[in-house]
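One structure is given below, encoded as C-alpha coordinates.
The values are calculated or read from the model by the stated rules, or taken from the named source; none is laboratory data. These numbers were taken from a predicted model, which means no experiment stands behind them. Backbone-built Cβ (ideal geometry, glycine too); neighbour counts: all protein chains shown.
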Amino acid sequence: MALFIAALLSLGLAGANKQPGEPRLVSIQMDDGKQQAQAKQQQVSSPKVAKIAEPPKTPVPSPPEPTPTTPPPPNYIKLSHDDFAASDIGAIGRRSEAVAAANAAAARAAATGPGEGPKGVHLYAAQWYREPNDAELRPFLSGANAPPGSWATIACQTIDHFHVENCQELDEYPLGSGLARGLRRASWQFLVWPPRIDGKPQVGTWVRIRFDFTKG
(Lines give C-alpha, C1' and ligand atoms only; values in the text may rest on other atoms or scores of the structure.)
Protein backbone atom coordinates (compact mmCIF):
# COMPACT_ATOMS: atom_id res chain seq x y z
CA MET A 1 0.00 0.00 0.00
CA ALA A 2 2.83 2.35 0.79
CA LEU A 3 4.32 1.67 -2.58
CA PHE A 4 1.02 2.55 -4.30
CA ILE A 5 0.82 5.93 -2.50
CA ALA A 6 4.44 6.69 -3.37
CA ALA A 7 3.69 6.00 -7.01
CA LEU A 8 0.74 8.44 -7.00
CA LEU A 9 2.82 11.19 -5.46
CA SER A 10 5.57 10.68 -8.02
CA LEU A 11 3.02 11.02 -10.80
CA GLY A 12 1.69 14.24 -9.37
CA LEU A 13 5.16 15.69 -9.15
CA ALA A 14 6.03 14.68 -12.63
CA GLY A 15 2.83 16.34 -13.93
CA ALA A 16 3.57 19.60 -12.28
CA ASN A 17 6.62 20.21 -14.41
CA LYS A 18 4.87 19.53 -17.72
CA GLN A 19 3.07 22.10 -19.83
CA PRO A 20 -0.64 22.05 -20.20
CA GLY A 21 -1.82 19.97 -23.11
CA GLU A 22 1.22 17.55 -23.10
CA PRO A 23 0.47 13.93 -22.72
CA ARG A 24 1.21 12.37 -19.46
CA LEU A 25 2.95 9.02 -19.04
CA VAL A 26 1.36 6.97 -16.39
CA SER A 27 3.44 4.06 -15.05
CA ILE A 28 1.96 1.59 -12.62
CA GLN A 29 4.06 -1.06 -10.95
CA MET A 30 2.27 -4.22 -10.03
CA ASP A 31 2.60 -5.51 -6.57
CA ASP A 32 4.90 -8.51 -6.17
CA GLY A 33 2.13 -10.40 -4.43
CA LYS A 34 -0.15 -9.91 -7.40
CA GLN A 35 2.56 -11.14 -9.77
CA GLN A 36 3.06 -14.24 -7.70
CA ALA A 37 -0.71 -14.82 -7.70
CA GLN A 38 -0.86 -14.47 -11.49
CA ALA A 39 2.08 -16.86 -11.90
CA LYS A 40 0.35 -19.41 -9.73
CA GLN A 41 -2.87 -18.96 -11.73
CA GLN A 42 -0.95 -19.60 -14.97
CA GLN A 43 0.61 -22.70 -13.48
CA VAL A 44 -2.83 -23.95 -12.41
CA SER A 45 -4.42 -23.22 -15.79
CA SER A 46 -1.57 -24.84 -17.83
CA PRO A 47 -2.61 -28.26 -19.13
CA LYS A 48 -1.10 -31.31 -17.53
CA VAL A 49 0.40 -34.10 -19.66
CA ALA A 50 -1.38 -37.35 -18.91
CA LYS A 51 0.84 -40.34 -18.21
CA ILE A 52 0.28 -43.41 -20.40
CA ALA A 53 -0.47 -46.39 -18.23
CA GLU A 54 1.60 -49.52 -18.97
CA PRO A 55 -0.41 -52.61 -19.99
CA PRO A 56 -0.71 -55.25 -17.30
CA LYS A 57 1.78 -58.09 -17.63
CA THR A 58 0.23 -61.45 -18.58
CA PRO A 59 1.53 -64.25 -16.34
CA VAL A 60 3.33 -67.04 -18.25
CA PRO A 61 1.80 -70.44 -17.38
CA SER A 62 4.25 -73.06 -16.15
CA PRO A 63 4.57 -76.31 -18.20
CA PRO A 64 2.43 -79.21 -16.96
CA GLU A 65 4.18 -81.88 -14.96
CA PRO A 66 4.62 -85.23 -16.81
CA THR A 67 2.13 -87.91 -15.89
CA PRO A 68 3.87 -91.07 -14.67
CA THR A 69 3.12 -94.10 -16.86
CA THR A 70 3.38 -97.79 -16.05
CA PRO A 71 5.82 -99.66 -18.35
CA PRO A 72 4.24 -102.49 -20.39
CA PRO A 73 4.90 -106.07 -19.29
CA PRO A 74 7.93 -107.75 -20.93
CA ASN A 75 7.16 -109.57 -24.19
CA TYR A 76 9.00 -112.90 -24.24
CA ILE A 77 8.43 -116.39 -25.57
CA LYS A 78 8.66 -119.38 -23.31
CA LEU A 79 11.03 -122.05 -24.65
CA SER A 80 11.30 -125.66 -23.68
CA HIS A 81 14.64 -127.14 -22.71
CA ASP A 82 15.13 -128.67 -26.18
CA ASP A 83 14.17 -125.44 -27.98
CA PHE A 84 16.55 -123.44 -25.78
CA ALA A 85 19.36 -125.86 -26.53
CA ALA A 86 18.60 -125.68 -30.26
CA SER A 87 18.85 -121.87 -30.15
CA ASP A 88 22.46 -122.02 -28.97
CA ILE A 89 24.39 -120.32 -31.79
CA GLY A 90 27.71 -121.68 -30.59
CA ALA A 91 26.49 -125.26 -31.06
CA ILE A 92 25.33 -124.81 -34.65
CA GLY A 93 28.76 -125.63 -36.07
CA ARG A 94 29.06 -128.72 -33.86
CA ARG A 95 25.60 -129.95 -34.91
CA SER A 96 26.44 -129.43 -38.60
CA GLU A 97 29.64 -131.44 -38.19
CA ALA A 98 27.72 -134.18 -36.39
CA VAL A 99 25.09 -134.32 -39.17
CA ALA A 100 27.79 -134.44 -41.85
CA ALA A 101 29.58 -137.22 -40.01
CA ALA A 102 26.33 -139.20 -39.66
CA ASN A 103 25.55 -138.78 -43.36
CA ALA A 104 29.05 -139.86 -44.30
CA ALA A 105 28.74 -142.91 -42.05
CA ALA A 106 25.40 -143.79 -43.64
CA ALA A 107 26.93 -143.43 -47.10
CA ARG A 108 29.79 -145.71 -46.13
CA ALA A 109 27.31 -148.23 -44.77
CA ALA A 110 25.52 -148.23 -48.14
CA ALA A 111 28.73 -149.28 -49.91
CA THR A 112 28.79 -152.86 -51.10
CA GLY A 113 32.12 -153.50 -49.44
CA PRO A 114 35.37 -151.74 -48.54
CA GLY A 115 38.05 -152.04 -51.17
CA GLU A 116 35.85 -153.94 -53.64
CA GLY A 117 36.16 -151.31 -56.36
CA PRO A 118 39.16 -150.47 -58.54
CA LYS A 119 42.26 -149.51 -56.54
CA GLY A 120 40.46 -150.38 -53.31
CA VAL A 121 37.74 -147.66 -53.54
CA HIS A 122 34.39 -148.04 -51.81
CA LEU A 123 31.45 -148.94 -53.98
CA TYR A 124 27.99 -147.47 -53.37
CA ALA A 125 24.85 -149.26 -54.43
CA ALA A 126 23.66 -147.66 -57.67
CA GLN A 127 20.23 -146.06 -57.85
CA TRP A 128 18.79 -145.86 -61.33
CA TYR A 129 17.94 -142.45 -62.78
CA ARG A 130 16.50 -144.40 -65.73
CA GLU A 131 16.74 -148.20 -65.92
CA PRO A 132 17.77 -149.58 -69.35
CA ASN A 133 15.23 -151.61 -71.32
CA ASP A 134 15.60 -154.95 -73.08
CA ALA A 135 16.12 -153.33 -76.48
CA GLU A 136 19.18 -151.47 -75.14
CA LEU A 137 20.68 -154.59 -73.49
CA ARG A 138 19.89 -157.36 -75.99
CA PRO A 139 22.51 -156.41 -78.63
CA PHE A 140 25.29 -156.72 -75.99
CA LEU A 141 23.98 -159.90 -74.31
CA SER A 142 22.92 -161.88 -77.40
CA GLY A 143 25.90 -164.25 -77.18
CA ALA A 144 25.87 -164.59 -73.39
CA ASN A 145 24.61 -167.65 -71.55
CA ALA A 146 21.90 -166.38 -69.16
CA PRO A 147 19.99 -169.26 -67.60
CA PRO A 148 17.29 -168.54 -65.00
CA GLY A 149 18.78 -167.24 -61.73
CA SER A 150 21.92 -165.87 -63.37
CA TRP A 151 23.37 -162.46 -62.47
CA ALA A 152 26.29 -160.11 -63.13
CA THR A 153 27.87 -157.06 -61.44
CA ILE A 154 30.07 -154.25 -62.74
CA ALA A 155 31.70 -151.17 -61.10
CA CYS A 156 31.36 -147.75 -62.78
CA GLN A 157 32.49 -144.20 -61.98
CA THR A 158 29.76 -141.52 -61.95
CA ILE A 159 30.12 -138.43 -64.17
CA ASP A 160 27.93 -135.41 -65.06
CA HIS A 161 24.37 -135.76 -66.38
CA PHE A 162 23.89 -139.11 -64.54
CA HIS A 163 26.17 -141.04 -66.90
CA VAL A 164 28.92 -143.49 -65.92
CA GLU A 165 32.35 -144.34 -67.34
CA ASN A 166 35.42 -146.50 -66.68
CA CYS A 167 33.17 -149.52 -66.00
CA GLN A 168 34.92 -152.75 -64.95
CA GLU A 169 33.69 -156.33 -64.60
CA LEU A 170 33.36 -157.58 -61.01
CA ASP A 171 31.54 -160.91 -60.89
CA GLU A 172 28.98 -163.07 -62.68
CA TYR A 173 27.02 -166.30 -62.33
CA PRO A 174 27.51 -168.71 -63.83
CA LEU A 175 31.22 -168.06 -64.18
CA GLY A 176 32.32 -167.65 -67.77
CA SER A 177 28.79 -166.82 -68.96
CA GLY A 178 29.93 -163.45 -70.40
CA LEU A 179 27.11 -161.55 -68.65
CA ALA A 180 29.48 -159.11 -66.87
CA ARG A 181 31.27 -158.40 -70.17
CA GLY A 182 27.93 -157.69 -71.88
CA LEU A 183 26.90 -155.25 -69.10
CA ARG A 184 30.22 -153.42 -69.34
CA ARG A 185 29.80 -152.94 -73.10
CA ALA A 186 26.20 -151.64 -72.64
CA SER A 187 27.11 -149.30 -69.72
CA TRP A 188 27.43 -146.16 -71.90
CA GLN A 189 23.60 -146.10 -71.92
CA PHE A 190 23.20 -146.40 -68.14
CA LEU A 191 21.86 -143.41 -66.15
CA VAL A 192 22.26 -143.52 -62.34
CA TRP A 193 22.12 -141.04 -59.47
CA PRO A 194 25.52 -140.15 -57.99
CA PRO A 195 25.79 -140.91 -54.25
CA ARG A 196 24.85 -138.01 -51.98
CA ILE A 197 26.69 -137.04 -48.79
CA ASP A 198 25.21 -134.31 -46.56
CA GLY A 199 22.66 -133.68 -49.30
CA LYS A 200 25.30 -132.98 -51.98
CA PRO A 201 25.81 -135.28 -55.01
CA GLN A 202 29.28 -136.84 -55.08
CA VAL A 203 30.02 -136.90 -58.79
CA GLY A 204 33.13 -138.99 -59.49
CA THR A 205 32.46 -141.65 -56.86
CA TRP A 206 32.12 -145.31 -57.83
CA VAL A 207 28.91 -147.35 -57.83
CA ARG A 208 28.13 -151.05 -58.12
CA ILE A 209 25.58 -152.04 -60.76
CA ARG A 210 23.99 -155.50 -60.56
CA PHE A 211 21.64 -157.23 -63.02
CA ASP A 212 19.56 -160.32 -62.18
CA PHE A 213 18.40 -162.46 -65.12
CA THR A 214 15.22 -164.40 -64.38
CA LYS A 215 14.65 -165.81 -67.88
CA GLY A 216 16.90 -167.60 -70.26
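Odds and ends about this structure:
- Residues of the stretch 158-191 that turn out to be closer than 18 Å to V121 by Cα and within 57 Å of the chain's Cα centre (by Cα), as a count: 7
- Of all residues in the stretch 108-129 being part of a helix (DSSP H, G or I) and at pLDDT 55 or above, the one that is nearest to C156 (Cα to Cα): P118
- Subset of the stretch 128-143 (residues that are within 16 Å of T214 (Cα to Cα), loosely packed, with under 14 Cβ neighbours inside 10 Å and either of a type in the set (D, E) or within 60 Å of the chain's Cα centre (by Cα) (or both)): N133, D134
- The stretch 159-209 - residue that is in contact with an Asp or Glu (Cβ under 9 Å, 6 or more places away or on another chain) and of a type in the set (D, E, K, R) and, of those, surrounded by the fewest Cβ atoms within 10 Å (Cβ to Cβ): R181
- For the stretch 131-180, a residue qualifies if it is within 30 Å of V203 (Cβ to Cβ), of a type in the set (G, A, S) and touching a helix residue (DSSP H, G or I) at 6+ places or on another chain (Cβ under 9 Å), and the qualifying residues are A152, A155.
Rundown of residues vs (1) within 14 Å of L170 (Cβ to Cβ); (2) at pLDDT below 70; (3) part of a helix (DSSP H, G or I); (4) within 45 Å of the chain's Cα centre (by Cα), yes/no style:
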site: K78; (1), (2), (3), (4): no, yes, no, yes
site: A106; (1), (2), (3), (4): no, yes, yes, yes
site: N145; (1), (2), (3), (4): no, no, no, no
site: C156; (1), (2), (3), (4): yes, no, no, no
